[in-house]
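Below is one structure; the comments refer to it alone.
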Amino acid sequence: MGIDRRGGHLVGEQAVVAAIPDFNHLDPDIANNPYPDLATLRASCPVAHSTAHGGHYVVTGYDAMRAAAMDGKTFSTNVDGIGAAAMVAEIDGVVAPLFEADGDPHFAWRHLLQPYFKRAAAAEHADYLRRLCRETIAEFTGEGRADLVTAYTQRVPPMLIGAMLGLSESEQVTLSEHVRALTNLGTADAARSFADLMVGHVRDRMNHHRGDMLSDVAHARVDGDRPTEEEVLKFAIVMVAAGNLTSTDACATILLQLLGDHGLRDRCVVNPATLSAVIEEAVRHEPAVAATGRAVTTETELAGVALHPGDRVLLVWGAANRDPDHFDDGDVYRLDRLRGGSAHLGWGAGAHRCLGRHVARLELRIMLEELLTAIPDVRLQAGPRPTRSYGVIRGVPKLLAEWGPA
């Protein structure tokens, strides 16, 4: 946070200039609680300019964010340098099928992949998920304490997304190991090793249709042509990130809520059906996908701010989900929110609304249910409260828990 820049909010028919602090969604100094800064931006100018990352607009207001998300023609997901695109920066200039496609190509990719993500298709993974959870939990329950992130929430999601892509169970184990090494070490060697692993799977599917999701993408014809190897590779890497990081961090975030509120934890132990509401409110209150980018394709206005082709905007979903014009006490985690009001944007909105939300809900519910069944008295270890991460994805890097006699 630092120098003041221009931002606009609408008064009558005119956008007026307001002095606002720059906002950098990757700034570690705001990671634990970015929401006061976001509330300041939202109140003064729901579409604010920041000089961070080469200059972009930060969208924090609910109405402006939903308008941008619903208008894929004007606000393209194919944007460089901010949001999800920055996760695979090494594949420069390559458009990831589905994720960075807009208009008819996006709908064609979505139609192709929809069968893997329908509610009924998600339910088919339930038994496998329960087995994965139970086997993983059994590895650490006897210790009486663990970091639930490295021991649990990082271990199950990579296995599931590997299964959905079409990898064998042994290949899923290898994928999980590489993903965790990349997440926890972040070294060039770990990144190279992960990329090499995915290249092998992509090349295999480019040459042989294995009857799985990755093969369907490799052999699809959208706009008449099959995707290139680089496009399939970018799809695979972003899909692994989307299916792994979001579930890992969402589960850790919910566990932090439960372990800090033993009354709510015990309520979920007694009545696991409560977990559905716990998950949905968590997705509103602390969405794992914190921010995604858009590129402006034509002259337009958003909340009275003039935008031009090439401008980049950052949609900060958590800020919109706390907009007081739509959510009473939006900063408060509360299960008794009345239905029928504004729908939260924790799953996104518009054409790019999270395709995997049914899978994610099932995965989170089973992961939480199995952990609370196995360890109903799980609680935070004594010491400083766990810190949070913030950026494109928001989560809890470490969650030290214990159980058994106090």
List the pairs whose first member sits in the range 117-140 and is without any contact (Cβ under 8 Å) to a residue 60 or more places away in the chain, whose second member is among the small types (Gly, Ala, Ser) and open to solvent by less than 70 Å² (accessible area, probe 1.4 Å), and whose Cβ atoms are under 6 Å apart, counting only residues at least 6 apart or on separate chains?
-> Phe140/Ala146; Phe140/Ala151
Looking at the range 13-115, what strands (runs of 3 or more DSSP E) fall wholly within it and have at least 2 residues that are modelled with pLDDT of 90 or more and either closer than 24 Å to Glu301 by Cβ or of a type outside the set (S, T, N, Q) (or both)?
-> 47-50, 56-59
Restricting the search to the range 315-326, which residues are closer than 16 Å to Thr40 by Cα and not charged (D, E, K, R)?
-> Leu315, Val316, Trp317, Gly318, Ala319, Ala320, Asn321, Pro324
For the range 195-211, what are the residues that are modelled with pLDDT of 95 or more, surrounded by 12 or more Cβ atoms within 10 Å (Cβ to Cβ) and in a helix (DSSP H, G or I)?
-> Leu197, Met198, Val199, His201, Val202, Arg203, Asp204, Arg205, Met206
Write out, first by first residue and then by second, each pair whose Cβ atoms fall under 7 Å of each other, whose residues are 6+ apart or on separate chains, and whose first residue, in the range 263-284, is closer than 10 Å to Leu368 by Cα while the second is of a type in the set (S, T, N, Q).
-> Cys268/Thr274
Taking the condition surrounded by 20 or more Cβ atoms within 10 Å (Cβ to Cβ) and touching a residue at least 40 places away in the same chain (Cβ under 8 Å), does Ala252 pass?
-> yes
Please go through the range 139-184 and pick out each residue that is of a type in the set (Ser, Thr, Tyr), modelled with pLDDT of 95 or more and either crowded, with 18+ Cβ neighbours inside 10 Å or touching a Cys at 6+ places or on another chain (Cβ under 8 Å) (or both).
-> Tyr152, Thr153, Ser176
Counted residues in the range 321-352 being under 18 Å from the mean Cα position of the chain (by Cα), part of a loop (DSSP other than H, G, I, E, B), in contact (Cβ under 8 Å) with a residue 40 or more places away in the chain and over 29 Å from Arg131 (Cα atoms) come to 6
Condition broken by Gly318, with the remaining ones in (1) part of a loop (DSSP other than H, G, I, E, B); (2) open to solvent by less than 50 Å² (accessible area, probe 1.4 Å); (3) among the small types (Gly, Ala, Ser) satisfied = (1)
Within the set of pairs 6 or more residues apart or between chains, which connect a residue that is at positive phi inside the range 152-166 to a residue that is open to solvent by 10 Å² or more (accessible area, probe 1.4 Å) with Cβ atoms less than 6 Å apart?
-> Gly166/Arg210; Gly166/Asp212
Filter the range 212-248 down to residues that are outside any helix (DSSP H, G or I) and hydrophobic (A, V, I, L, M, F, W, C) and give me whichever is most open to solvent (accessible area, probe 1.4 Å).
-> Val222
Out of all the residues in the range 113-127, is one or more surrounded by fewer than 20 Cβ atoms within 10 Å (Cβ to Cβ) and touching a Pro at 6+ places or on another chain (Cβ under 8 Å)?
-> yes
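Matching residues to (1) assigned to a loop (DSSP other than H, G, I, E, B); (2) over 19 Å from Glu280 (Cβ atoms); (3) hydroxyl-bearing (Ser, Thr, Tyr):
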site: Leu364; (1), (2), (3): no, no, no
site: Leu368; (1), (2), (3): no, no, no
site: Thr387; (1), (2), (3): yes, yes, yes
site: Val396; (1), (2), (3): yes, no, no
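The values are calculated or read from the model by the stated rules, or taken from the named source; none is laboratory data. Given the structure is predicted, the values throughout are model-derived calculations rather than measurements. Every residue, glycine among them, receives a Cβ derived from its backbone with ideal geometry; neighbour counts consider all protein chains shown. Accessible surface areas use protein heavy atoms only, side chains included; no ligands, DNA or RNA. Shrake-Rupley method; radii C 1.70, N 1.55, O 1.52, S 1.80 Å.
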